[in-house]
Amino acid sequence: MIRFFITILFTLIFTVISFGENIKVIATIFPNYDFARNIGKEKAEVILLLPPGVEAHSYEPTPRDMVRITTSDILLYTGEDMEPWVHRLGGNLPSSVTVSDISQGIEKIKDDDHDHTDPHIWTDPILAMQMVDNVAAAFAESDPKNSEYYIENAKIYKNKLFKLHQKIERELSDIDKRSLVFSGHMVFGYFAKRYNLTFLTPYRSFSPDAEPTPKRMAELITTIKKRGDSYIYFEELIDPKSAKLIASETQTKILLLHGAHNLSKEEFKSGKGYIDIMEDNLKNLKRGLKNE
Ligand SMILES: [Zn+2]
């Protein structure tokens, strides 16, 4: 009998302590993390699973990550092609964890062989708005009493994303040149489609582990010389050796186009968000396309 009351007492104490506690959200990559913190604000504790500076595609969760995931309320991921390990986990997570694929409802670009789909949906701010809706839906499902709060925050953030889209469209509209050389993997497919741009890249892969072929590198060098480009672009968090090689062969300068998969330690500390990254990308894009 005493033991029964003690159990009840502890249950009550635990309930009181956990009442009003923030919901715990695990985000696999940076865009999910940034969208989640803009929606959850002070009502959520959002954790980015990727340590700052780590490449996103080859990431596998550690045992410590698995503990964090199983004790969380929400796990946000970007789809089977970006985080295949979440798919493998399948139904092995406790039912208390709301697992949300935030690419739901988005039509993906397929590769030439139709074997893979391009996971980089967040590079298009309009598709990012759909991702934000999916994040808000996961929050509302996991914490229904605050659903209106989350949906309202999502609305405010989507408004900022739409303004970003309008700015990109406006500032690129008077530039005739629509193609550029990007030395990274195929990150900007959705961005290029939205803004009518062509990214020439030595890679043919949606993931950065492939090596560019010498033939493709030579073709790009010829193209740059013929066009007289002043700049070529490299991607974040990966040694830009292909970019440096092409730049030295063509006397071009290199500029960053940030794919936003993850941030460096310095960027993370500075509190940079997805919109800041895209604004920086726009500045660099204009410089390159205008050959300034
Ligand atoms: Zn990628």
Out of (1) surrounded by fewer than 20 Cβ atoms within 10 Å (Cβ to Cβ); (2) modelled with pLDDT of 55 or more; (3) out of contact with any Lys or Arg (no Cβ under 8 Å at 6 or more places or on another chain), what's the single condition that is false for L12?
(2)
Filter the stretch 107-144 down to residues that are in contact with an Asp or Glu (Cβ under 8 Å, 6 or more places away or on another chain) and of a type outside the set (S, T, N, Q) and give me whichever is nearest to Y274 (Cα to Cα).
P119
Look through F139, F162 and report the one residue that is touching a residue at least 24 places away in the same chain (Cβ under 8 Å), open to solvent by 70 Å² or more (accessible area, probe 1.4 Å), assigned to a helix (DSSP H, G or I) and in the same structural domain as V46 (by TED's automatic domain parsing).
F162
Return the pair list, or none, for Cβ contacts closer than 6 Å from residues in the stretch 77-104 that are under 19 Å from E141 (Cβ atoms) to residues that are among the small types (G, A, S) and away from the ligand (no atom under 16 Å from the Cβ), at least 6 apart or on different chains.
V97/S72; T98/A138; T98/S142; S100/A138
Check off (1) at positive phi; (2) exposed (fewer than 15 other Cβ atoms within 10 Å of the Cβ) for A260 and give me the number that stays unchecked.
(2)
Counted residues, the stretch 107-133 - those being within 16 Å of the ligand (Cβ to nearest atom) and open to solvent by less than 20 Å² (accessible area, probe 1.4 Å)
9
Please work out if I151 is open to solvent by less than 60 Å² (accessible area, probe 1.4 Å) and under 24 Å from M278 (Cβ atoms).
no
Please verify whether the stretch 40-61 includes one or more residues that are within 16 Å of the ligand (Cβ to nearest atom), modelled with pLDDT of 90 or more and in a helix (DSSP H, G or I).
no
Could you tell me which of the residues I275, I238, I232, I224 is open to solvent by less than 20 Å² (accessible area, probe 1.4 Å), hydrophobic (A, V, I, L, M, F, W, C) and not in a strand (DSSP E or B)?
I224
Using the structure shown, decide if M186 is modelled with pLDDT under 95 and not hydroxyl-bearing (S, T, Y).
yes
So, first residue within 17 Å of I47 (Cβ to Cβ) in the stretch 265-288, second residue open to solvent by 10 Å² or more (accessible area, probe 1.4 Å), Cβ within less than 7 Å, six or more apart or across chains; the pairs are K265/P52; K265/G53; F268/P52
Of all residues in the stretch 165-202 being away from the ligand (no atom under 16 Å from the Cβ) and among the hydrophobic types (A, V, I, L, M, F, W, C), which is surrounded by the fewest Cβ atoms within 10 Å (Cβ to Cβ)?
I175
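The values are calculated or read from the model by the stated rules, or taken from the named source; none is laboratory data. Note that the coordinates shown come from a computational prediction; the quantities given were computed from them, not determined experimentally. For neighbour counting, all protein chains shown are included, and Cβ atoms are generated from backbone atoms with ideal geometry for every residue, glycine included. Please note that ligands, DNA and RNA were not included when accessible areas were found on the heavy atoms of the full protein model with its side chains. Shrake-Rupley method; radii C 1.70, N 1.55, O 1.52, S 1.80 Å.
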